[in-house]
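Student: Have a look at this one.
The values are calculated or read from the model by the stated rules, or taken from the named source; none is laboratory data. Please read all numbers here as calculations on a predicted model, not as lab measurements. Positions of Cβ are backbone-derived with ideal geometry, glycine not excepted, and every protein chain shown enters the neighbour counts.
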Amino acid sequence: MHTVLSSATKTITIGHDQPFCIIGERINPTGRKKFQEQLRAGDYSAIEADVLAQVAGGATMLDVNMGAPMIDEPEALAAAVTLIQQLTDLPLCIDSSVVEALEAGLSVYQGKALVNSITAETERMDLILPLVKKYGAAIIALPNDEFEIPEEPERRLELTKVIVDYATTKYGIPIEDIVIDPLAMPIGADSTMVVRTLETIRLIKEHVGVNMTLGASNVSFGMPDRHTLNSVFLPMAMAAGLTSAIMDSRTAQIVTAVRAADLMNGNDEWGANWIAAHRARQAAAAAAE
């Protein structure tokens, strides 16, 4: 099953037989006090540095979130999406919990975007899915509802089926345009969390077959040496069926682990991407010297 996304000039395909889709997470003011202050002042200059660093690191897409206190989020998201499209041809994931902000971002986007996100709550689906349909976008969906964030993989599978059925039958969203987030929870809170996430990924791949993404950095939250944990987790998740992740594309250790897993999983024909990335690193090192 292929999820096809695009900018004005570039198309990418997410699928189990495709190279892993790296969605750069950096364009987000959460936890970035200086960036928040700049946004409140109408200063979007930091976005350019974030875009360039993520593209250089190997991002396939970029996630864009402008959620911060005392910011006009619809205005900020529309401005950020417009600016980013001038800086890169990578497709975008438009990320907000505010419906008005999502529509503002989608209204200025050129291409087919990925929207982040909905849950299995009927009210939430009825707010967001009409926008997804209107703008021809794809959607990230999380298998939790108003009652719980399920711990058991089987319950997450049940809610995935609820979302897919509702989106396809009520709103006519193609199943290939539904990307499930299997819920990556911090291993520091419970050492069984990652095992449950991996089992959820396997179940969804086997029983539904849709593409999947998640916030990779959630797994290591609160733990030391987070880059090592993330670089181990992602290849394991890829082997289980994960096809993309919202992650730090600026961290070479993590990106290299993903590219190696692509090669080992048979999604890098003749090792072309692995060799190209290696040569790019050599050239960058030589230039730095």
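Student: Of the conditions (1) surrounded by 19 or more Cβ atoms within 10 Å (Cβ to Cβ); (2) under 20 Å from the mean Cα position of the chain (by Cα), Phe35 satisfies every one except a single condition; which number is it?
Tutor: (2)
Student: Being assigned to a helix (DSSP H, G or I), modelled with pLDDT of 95 or more and either touching a Phe, Trp or Tyr at 6+ places or on another chain (Cβ under 9 Å) or under 30 Å from Glu158 (Cα atoms) (or both) narrows it down to one residue among Asp63, Asp126; which is it?
Tutor: Of the residues listed, the single one that is assigned to a helix (DSSP H, G or I), modelled with pLDDT of 95 or more and either touching a Phe, Trp or Tyr at 6+ places or on another chain (Cβ under 9 Å) or under 30 Å from Glu158 (Cα atoms) (or both) is Asp126.
Student: Okay, moving on. Do the conditions hold for Ala257, that is, is it free of Cβ contacts under 8 Å to residues at least 40 places away in the same chain, part of a helix (DSSP H, G or I) and surrounded by 14 or more Cβ atoms within 10 Å (Cβ to Cβ)?
Tutor: yes
Student: Here is a follow-up. I'd like to check something: does the stretch 187-210 contain any residue that is part of a helix (DSSP H, G or I), acidic (Asp, Glu) and either out of contact with any Leu (no Cβ under 7 Å at 6 or more places or on another chain) or under 28 Å from Leu157 (Cα atoms) (or both)?
Tutor: Yes, the stretch 187-210 has at least one match.
Student: Restricting attention to the stretch 108-126, which residues are hydroxyl-bearing (Ser, Thr, Tyr) and loosely packed, with under 14 Cβ neighbours inside 10 Å?
Tutor: Scanning the stretch 108-126 gives a single hit, Thr122.
Student: Tell me which residues, restricted to the stretch 202-226, are in contact with a strand residue (DSSP E or B) (Cβ under 8 Å, 6 or more places away or on another chain) and closer than 22 Å to Asp95 by Cα.
Tutor: Val210, Asn211, Met212, Thr213, Leu214, Gly215, Ala216, Ser217
Yes or no, residue by residue, for (1) under 19 Å from Ile178 (Cα atoms); (2) in contact (Cβ under 8 Å) with a residue 60 or more places away in the chain; (3) in contact with an Asp or Glu (Cβ under 6 Å, 6 or more places away or on another chain):
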position: Met1; (1), (2), (3): yes, yes, yes
position: Leu5; (1), (2), (3): yes, yes, no
position: Thr9; (1), (2), (3): no, yes, yes
position: Ile14; (1), (2), (3): yes, yes, no
position: Ile22; (1), (2), (3): yes, yes, no
position: Arg26; (1), (2), (3): no, yes, yes
position: Pro29; (1), (2), (3): no, no, no
position: Asp43; (1), (2), (3): no, no, no
position: Asp50; (1), (2), (3): no, no, no
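Student: Also, quick follow-up: Of the residues Glu48, Glu25, Glu73, only one is surrounded by fewer than 18 Cβ atoms within 10 Å (Cβ to Cβ), at negative phi and acidic (Asp, Glu); which?
Tutor: Glu48
Student: Is there a residue in the stretch 89-108 that is touching a Cys at 6+ places or on another chain (Cβ under 6 Å) and over 14 Å from Ile27 (Cα atoms)?
Tutor: Checking the stretch 89-108: not a single residue is touching a Cys at 6+ places or on another chain (Cβ under 6 Å) and over 14 Å from Ile27 (Cα atoms).
Student: List every residue pair whose Cβ atoms lie under 6 Å apart, where the two residues are 6 or more positions apart in sequence or sit on different chains, the first residue falls within the stretch 272-283 and is under 14 Å from Ala260 (Cα atoms), and the second residue, located anywhere, is at pLDDT 90 or above and assigned to a helix (DSSP H, G or I).
Tutor: Trp274/Arg259; Trp274/Leu263; Ala277/Arg259
Student: I've got another one for you. Could you tell me which residue of the stretch 88-107 is modelled with the lowest pLDDT, considering only residues that are surrounded by fewer than 23 Cβ atoms within 10 Å (Cβ to Cβ) and out of contact with any helix residue (DSSP H, G or I) (no Cβ under 8 Å at 6 or more places or on another chain)?
Tutor: In this case the residue turns out to be Ser97.
Student: Looking at Val81, Val115 in this structure, which one is part of a helix (DSSP H, G or I) and either within 22 Å of Gly215 (Cβ to Cβ) or touching a Lys or Arg at 6+ places or on another chain (Cβ under 8 Å) (or both)?
Tutor: Residue meeting the stated conditions: Val81.
Student: If you scan the stretch 28-60, which residues turn out to be assigned to a loop (DSSP other than H, G, I, E, B), among the aliphatic types (A, V, I, L, M) and over 24 Å from Ile14 (Cβ atoms)?
Tutor: Ala41
Student: Name the residue, out of Asp63, Asp89, Asp43, that is touching a strand residue (DSSP E or B) at 6+ places or on another chain (Cβ under 7 Å) and of a type in the set (Asp, Glu).
Tutor: Asp63
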